[in-house]
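Trainee: Here it is, the structure, as structure tokens.
The values are calculated or read from the model by the stated rules, or taken from the named source; none is laboratory data. What you see is a predicted model; the values in this text were computed from it and never measured. Counting neighbours? That spans all protein chains shown, and the Cβs are built from the backbone with ideal geometry, glycine included.
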Ligand SMILES: Cc1cc2nc3c(=O)[nH]c(=O)nc-3n(C[C@H](O)[C@H](O)[C@H](O)COP(=O)(O)OP(=O)(O)OC[C@H]3O[C@@H](n4cnc5c(N)ncnc54)[C@H](O)[C@@H]3O)c2cc1C
């Protein structure tokens with residue numbers, strides 16, 4: 001079994017395969033967790049009740065359960081800074097407040113609060129999200145891979161350049177100058193997964209969505225997380241540094257930090273909390289989300305070649321969704337069917353019949 005890509009998705013698949021006694025070779029062309037899986041905010045935030053029955057909602061709910069279990073199994077608190085976090089979703093207008101009331105239930109929307117010590121600007125209301133947590137994304141990814149390696153997996157450096165097939169079945173993966181014989185392969189190359197279109201002879205519509213985060217070294221920053229409905233958030237990490245973000249930029253594979261993002265995030269965060277007034281960020285990171293064409297991840301077997309699978313396109317929630325993705329894809333690989341959850345909505349083959357313009 002070869003897994004292409006050592007981000008959090010590849011790591012989670014490798015870990016779950018190893019638990020079932022299936023050893024894998026994880027091929028990574030740069031370094032473990034070098035992409036968004038090492039730089040992201042690391043928030044594990046449950047979806048609102050109104051979205052729990054959607055395909056991603058079900059995956060997210062299962063993933064939260066898996067994250068709690070994993071934190072016990074892998075000593076997450078010490079190994080990758082797993083910690084429960086008090087999370088507030090904030091409405092900044094009456095319309096947003098109504099949205100929160102629909103999503104969470106009217107009774108859960110508070111009057112403008114200062115529950116976690118951050119919010120002192122005028123807001124229209126907030127909801128405390130139960131069960132949110134955070135992790136250090138890079139440490140989490142490395143912990144999964146180390147645990148997988150202790151059970152027989154291997155991580156090798158190399159550039160996957162193709163897949164060899166014979167009579168409709170996978171027979172090898174072409175890695176840099178080498179050919180690795182295998183009958184099964186998982187493409188988990190994050191925003192680079194579309195490179196596999198030529199190998200798999202099918203559309204893999206996953207593109208990069210750039211995101212930037214500012215780091216603030218603030219004395220006495222309150223614990224906890226707050227976010228607004230436009231997708232922005234600020235959170236204190238366990239080392240005391242405050243992460244505030246983020247942008248959503250269609251800029252290809254560009255990884256340069258911009259002044260525009262720094263100013264925009266700074267303005268947003270000050271609009272919610274005066275604690276950021278006059279603060280200069282001490283860091284600014286950039287990474288790329290793997291965004292699928294229809295917003296749902298691709299998880300499952302590919303229809304073109306037996307033995308080929310994809311786990312990619314998890315967008316803004318890849319860390320969150322990684323735990324269930326690894327578990328469920330492994331069930332499919334190991335038993336030929338995933339009975340624990342319907343993976344139909346995530347079928348990687350769904351784009352073969354869908355005109356791109358309608359997706
Ligand atoms: C600013 C920002 C904040 C985020 N915050 C959160 C958050 O708080 N919570 C959350 O759940 N999600 C968050 N995300 C999303 C999350 O980080 C991603 O969805 C997730 O990391 C994607 O993981 P991945 O393994 O699919 O891809 P990646 O992390 O990109 O890993 C893919 C790996 O594949 C390797 N690769 C690519 N091509 C090849 C090849 N040909 N051969 C060998 N290796 C190859 C790459 O080098 C890379 O290491 C955030 C993302 C951004 C950008």
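Trainee: For residue 231, which of the numbered conditions (1) assigned to a loop (DSSP other than H, G, I, E, B); (2) crowded, with 19+ Cβ neighbours inside 10 Å fails to hold?
Mentor: For residue 231, the exception is condition (2).
Trainee: List pairs: first in the range 184-196 and surrounded by 20 or more Cβ atoms within 10 Å (Cβ to Cβ), second assigned to a helix (DSSP H, G or I) and modelled with pLDDT under 95, Cβ under 6 Å, 6+ apart or cross-chain?
Mentor: Every condition considered, no pair remains.
Trainee: Now a separate question. Within the range 66-89, take every residue that is within 21 Å of residue 233 (Cα to Cα) and surrounded by fewer than 19 Cβ atoms within 10 Å (Cβ to Cβ) and give me the one that is farthest from the chain's Cα centre (by Cα).
Mentor: In this case the residue turns out to be 86.
Trainee: Right, next: Name every residue in the range 90-107 that is closer than 23 Å to residue 269 by Cβ, in a helix (DSSP H, G or I) and more than 24 Å from the chain's Cα centre (by Cα), in order of residue number.
Mentor: Residues satisfying the conditions are 94, 95, 96, 97, 99.
Trainee: Another question, then. Just one of 295, 252 is more than 11 Å from the ligand (Cβ to nearest atom), touching a helix residue (DSSP H, G or I) at 6+ places or on another chain (Cβ under 9 Å), closer than 30 Å to residue 345 by Cα and not in a helix (DSSP H, G or I); which is it? Let's see the steps before the verdict.
Mentor: On the way: 252 fails: touching a helix residue (DSSP H, G or I) at 6+ places or on another chain (Cβ under 9 Å).
Exactly one of 295, 252 is more than 11 Å from the ligand (Cβ to nearest atom), touching a helix residue (DSSP H, G or I) at 6+ places or on another chain (Cβ under 9 Å), closer than 30 Å to residue 345 by Cα and not in a helix (DSSP H, G or I), namely 295.
Trainee: Residue 323 - would you say it is in a helix (DSSP H, G or I), buried (at least 20 other Cβ atoms within 10 Å of the Cβ) and not assigned by TED's automatic domain parsing to the domain that holds residue 170? Talk me through it step by step, then tell me what you get.
Mentor: Details: in a helix (DSSP H, G or I): yes; buried (at least 20 other Cβ atoms within 10 Å of the Cβ): yes; not assigned by TED's automatic domain parsing to the domain that holds residue 170: no.
Judged against the criteria, residue 323 is not a match.
Trainee: Same structure again: Do we find a residue being in a loop (DSSP other than H, G, I, E, B), touching a residue at least 24 places away in the same chain (Cβ under 8 Å), within 16 Å of the ligand (Cβ to nearest atom) and not assigned by TED's automatic domain parsing to the domain that holds residue 227 anywhere in the range 143-157? So that I can check it myself, show each step before the final result.
Mentor: Narrowing the range 143-157 to residues in a loop (DSSP other than H, G, I, E, B): 151-153.
Add one more test, that the residue is touching a residue at least 24 places away in the same chain (Cβ under 8 Å), and what stays is 151-153.
Retained after the next criterion (residues that are within 16 Å of the ligand (Cβ to nearest atom)): 153.
Of the ones still in play, those that are also not assigned by TED's automatic domain parsing to the domain that holds residue 227 are 153.
Yes: one or more hits.
Trainee: Taking residue 72 and the conditions (1) touching a residue at least 40 places away in the same chain (Cβ under 8 Å); (2) farther than 27 Å from residue 268 by Cα, which numbered condition does it fall short on, given that it satisfies the others?
Mentor: It fails just one condition, (1).
Trainee: Give the residues of the range 331-344 that are outside any loop (DSSP other than H, G, I, E, B), touching a strand residue (DSSP E or B) at 6+ places or on another chain (Cβ under 9 Å) and surrounded by 17 or more Cβ atoms within 10 Å (Cβ to Cβ), sorted by residue number. Steps first, please.
Mentor: Applying the first criterion (outside any loop (DSSP other than H, G, I, E, B)) to the range 331-344 yields 331-335, 344.
Subsequent filtering for residues that are touching a strand residue (DSSP E or B) at 6+ places or on another chain (Cβ under 9 Å) retains 332-333, 344.
The answer is 332, 333.
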